[in-house]
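Beneath this line is the structure, given in structure tokens, with notes to follow.
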Amino acid sequence: MKKPLLFSIIFILLPFIIYCQTSFIPLRYLAINAGNASPQFGCWEYKLCRAQDITNLRNYISAWQPDIIMISEVYMGSQLNGTMFYGPILPAGYDGICPPSIDRATGDTVLWDAPNSSHEHECIAWKTSRVQHIQGSEQSVYGRNDSYGQSNCNYDFTGFRTKLLLDGQDTITAIAVHPNSTNAQCRT
């Protein structure tokens, strides 16, 4: 009789012991569209160009402490980690990347605000204590660029992805997207 009781206790406790032995930490992510924060202030394309908006976004990220952030409609990529236009957006302990601005006609890299370019609006960031960026894994998709797209669609409705390494072992693909919400024919 004692053997079945002991076996039952071990069987009941085993899942608990195994669970306690693992160091599972849930992944926390934030997908956020940060654009149009300052439309009444005449910001170019109404992006993040007011100090109060940058501070509010940085505080929001600090409060939630996501491991990965997919952020749409950044004013310019240098805001993410730098000091351009009241940056940085990211609090201490974070790093991030935005795609280069690409000219629609030539495919060349151009300034972040060049006409007919993809700009640097969709970015991905990560908490450096848990996540590392896998260099060279970046890929972008741009607004429709055929004859219809060139006449009717903005090129800066983009998608941007990169691969990240979580806790040194799991590869995650993070994607920040901003498709055209008013014209389905412009979505790529």
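The values are calculated or read from the model by the stated rules, or taken from the named source; none is laboratory data. Values in this document were obtained by computation on a predicted structure and should not be read as measured data. Quick reminder, even Gly has a Cβ in these numbers, built from the backbone with ideal geometry, and neighbours come from all protein chains shown. Only protein heavy atoms, including side chains, enter the accessible area calculation; ligands, DNA and RNA are left aside. Shrake-Rupley method; radii C 1.70, N 1.55, O 1.52, S 1.80 Å.
Quick notes on this one:
- Environment charge of ALA176, counting only residues whose C-beta is closer than 9 Å and scoring Lys/Arg +1, Asp/Glu -1: 0
- Environment charge at LEU80 (Cβ cut-off 13 Å; Lys +1, Arg +1, Asp -1, Glu -1): -2
- Label sites at ALA63 and ASN116, each approximated as a point 7 angstrom past Cα along Cα to Cβ, lie 4.3 nm apart.
- Heavy-atom accessible surface of the range 99-147: percent carbon and sulfur, 1.4 Å: 50 percent
- Of all beta bridges that DSSP places with both ends in the range 31-188, some 90 percent have antiparallel geometry.
- As a calculated quantity, the FRET efficiency between LEU30 and ASN183 at R0 = 25 Å, using C-beta atoms, amounts to about 0.35.
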